[in-house]
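The values are calculated or read from the model by the stated rules, or taken from the named source; none is laboratory data. Predicted model, so just to flag it, every value in this text is computed and none were measured. Don't worry about glycine lacking a Cβ; one is built from the backbone with ideal geometry, like all the others, and counts go over all protein chains shown.
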Amino acid sequence: MRLHKWHMIIWGSLFLLTVGFVLHVYELFYMAAAWGLIVPLGYLLTRINVGNLQVARSLRSPVAVGDSTDVTLTVYNRGRWRRFLFTVEDLLPAGLATDGQPGQLVTDLAPEAACQLNYQLIPERRGVYQLSDIQLSAPDLLGMYELSRRLQQPQELIVYPKPISLPPVWTATATGGAGRTTMRRKSHQGTDLYGVREYVPGDDLRHIHWKVSAHANQLVITEHEEHRRLAATVILDLSRSVHAGEGNQSTLEYGVTLAVSLLVQALAQHAPAQLIAESKQDFTVPFAGASAAKHDFLEALARAQADNTLDLLDVAQRHQLQLTDAGSVAVITPQIGQEMLKLAAALRSWSNAVSWFALAAPTFDAAADPHKSVQSYDNFVQALRRGGCQAYLIRGDVELAASFRRWQRAAV
């Protein structure tokens, strides 16, 4: 049997008491009583040591995944006695890590005084975290046990997903009325005159510039500028039943990272962008100015959870007004099959250029739907490409940016 210090104290007290009773030595009774009082006296002093202490936490929120942020714990001694040798520890939820030891020792704190303890917090996964308890711990003088006390300090920490660098995805379209206007030289369409050139057989005779042709002694045709607009829409699937994997190695986290990266890329091109992401809470962010939109996108994607019971096709139909003539649309989902092919066809029929990012669930979780193999995902991507979409297969066993570049090179 493993003996602790308090075992020795209890047995030592009983031994002194027994010997004093047998030998009628009253001094041994006093020694046994004093020896036995060490345990409750140590407990009382330790309880006093962690009593009348208050702790306040301050930190910066929001913060991006992987970016460390400084946290300050200010400890106040509201009692009349000094406090010695106690530990302060911020009890963090899963997904948050610290740089160094989680608990910090305070050796001495005078009455009505305060001290500051600093540590670095490193978010490992995006989300909204509820920070709560701060634990105060102190051992007794003989180190027999440790007494802890928890203080409630509720505080919210928002961790934004961090965008990664991706090759260009978005393309300007002749539709998409919300987008930034660019110009492309076009002979027979457009509203603004671009210039003139020599007539070639097949040109529309209605575009011949007769006055210039008379001076040049040859037929000359006018060219116009076609207004092309860049507008970006990301559709993120938040259906509960389709996602696979856990933590950062999940289709949901890959999808969120991909969504924020595509949206930030569009904003960097000075194009308006919108997010359609619906679960129990609608995280949809409509077209807005670049300065306001980035914050709204990050906030929505930090909070997004896969708890929707609707199918992605149903979600798209609910948002059809936002998706009609929207410009360039990117769909991010682990779903494949005929329903998704119908969705791609519908988006194209609503005058959109479509990019599709298929998250291969079997590469995130081997226990995913056995009817969906990696080969079935590859076949689905090929079918999308034949239907006029840009399509990419995203694997969980390949780093996201590398997977993206690989399938971009293979895209038809």
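Quick check on this structure: which one of V55, V39, V22 is surrounded by 15 or more Cβ atoms within 10 Å (Cβ to Cβ) and at pLDDT 75 or above? Step by step, each of V55, V39, V22 is checked, and only V55 is surrounded by 15 or more Cβ atoms within 10 Å (Cβ to Cβ) and at pLDDT 75 or above. The residue of segment 328-343 that is nearest to A353 (Cα to Cα), among those that are of a type in the set (S, T, N, Q) and in a strand (DSSP E or B), is S328.
At pLDDT 90 or above, outside the structural domain of E246 (by TED's automatic domain parsing) and either farther than 30 Å from K162 by Cα or surrounded by 13 or more Cβ atoms within 10 Å (Cβ to Cβ) (or both): is that true of A32 in this structure? No: the conditions fail for A32. Screening the candidates D70, D99 for the property of being modelled with pLDDT of 90 or more, within 30 Å of Y160 (Cα to Cα) and surrounded by fewer than 17 Cβ atoms within 10 Å (Cβ to Cβ) yields one hit, D70. Screening segment 258-272 for residues that are of a type in the set (A, V, I, L, M, F, W, C) and over 19 Å from R126 (Cβ atoms) and picking the one that is farthest from the chain's Cα centre (by Cα) gives A271.
Quick grid of which residues meet (1) within 30 Å of A293 (Cβ to Cβ); (2) touching a Leu at 6+ places or on another chain (Cβ under 7 Å); (3) of a type outside the set (A, V, I, L, M); (4) at pLDDT 80 or above:
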{"position": "Y194", "(1), (2), (3), (4)": "no, no, yes, no"}
{"position": "L205", "(1), (2), (3), (4)": "no, no, no, no"}
{"position": "I221", "(1), (2), (3), (4)": "no, no, no, no"}
{"position": "H224", "(1), (2), (3), (4)": "no, yes, yes, no"}
{"position": "N248", "(1), (2), (3), (4)": "yes, no, yes, yes"}
{"position": "V260", "(1), (2), (3), (4)": "yes, yes, no, yes"}
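Among the conditions (1) surrounded by 15 or more Cβ atoms within 10 Å (Cβ to Cβ); (2) farther than 19 Å from S137 by Cβ, A94 misses just one, which is (1). Looking at P62, P93, just one residue is in contact with a helix residue (DSSP H, G or I) (Cβ under 8 Å, 6 or more places away or on another chain) and at pLDDT 90 or above, and that residue is P62. Taken over segment 95-148, the criterion of being assigned to a strand (DSSP E or B), more than 18 Å from the chain's Cα centre (by Cα) and of a type in the set (F, W, Y) is satisfied by Y119 alone.
If we keep just the residues of segment 81-94 that are assigned to a strand (DSSP E or B) and of a type outside the set (D, E), which is nearest to T257 (Cα to Cα)? Can you show your working first?
Looking only at segment 81-94, we keep the residues that are assigned to a strand (DSSP E or B), and these are 83-90.
Checking the rest, the ones that are also of a type outside the set (D, E) come to 83-88.
On the way: R83: 47, F84: 47, L85: 44, F86: 41, T87: 38, V88: 35 Å.
It comes out as V88.
One line per residue, one yes/no per condition, for (1) surrounded by 17 or more Cβ atoms within 10 Å (Cβ to Cβ); (2) more than 16 Å from L258 (Cα to Cα):
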position	(1), (2)
S279	yes, yes
F297	yes, no
Q338	no, yes
S349	no, yes
A358	yes, no
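Out of the residues in segment 298-320 that are part of a helix (DSSP H, G or I) and among the small types (G, A, S), state the one that is nearest to the chain's Cα centre (by Cα).
In this case the residue turns out to be A302.
If D325 satisfies all but one of (1) in contact with a Leu (Cβ under 9 Å, 6 or more places away or on another chain); (2) assigned to a loop (DSSP other than H, G, I, E, B); (3) surrounded by fewer than 17 Cβ atoms within 10 Å (Cβ to Cβ); (4) not small (G, A, S), what's the number of the condition it fails? Every listed condition holds for D325 apart from (1). For L157, state whether it is touching a residue at least 40 places away in the same chain (Cβ under 8 Å) and touching a Phe, Trp or Tyr at 6+ places or on another chain (Cβ under 7 Å). For L157, the condition - touching a residue at least 40 places away in the same chain (Cβ under 8 Å) and touching a Phe, Trp or Tyr at 6+ places or on another chain (Cβ under 7 Å) - is met. Taking each residue of segment 207-229 that is over 30 Å from Q269 (Cβ atoms) and looking for partners that are at pLDDT 75 or above and of a type in the set (S, T, Y) with beta-carbon atoms closer than 9 Å, six or more apart or interchain, yields H207/T222; I208/T222; H209/T222; V212/T222; L219/S213; V220/S213; I221/S213. Only a single criterion out of (1) in contact with a strand residue (DSSP E or B) (Cβ under 7 Å, 6 or more places away or on another chain); (2) under 25 Å from I164 (Cα atoms); (3) modelled with pLDDT of 90 or more; (4) not β-branched (V, I, T) is not satisfied by P362, namely (1). May I ask you to say which residue of L121, L85, L117 is touching a strand residue (DSSP E or B) at 6+ places or on another chain (Cβ under 9 Å), at pLDDT below 90, assigned by TED's automatic domain parsing to the domain that holds V71 and of a type in the set (A, V, I, L, M, F, W, C)? Just a single option satisfies the conditions, and that option is L85.
T233 falls short on exactly one of the conditions (1) part of a helix (DSSP H, G or I); (2) closer than 20 Å to A344 by Cβ, and that condition is (1).
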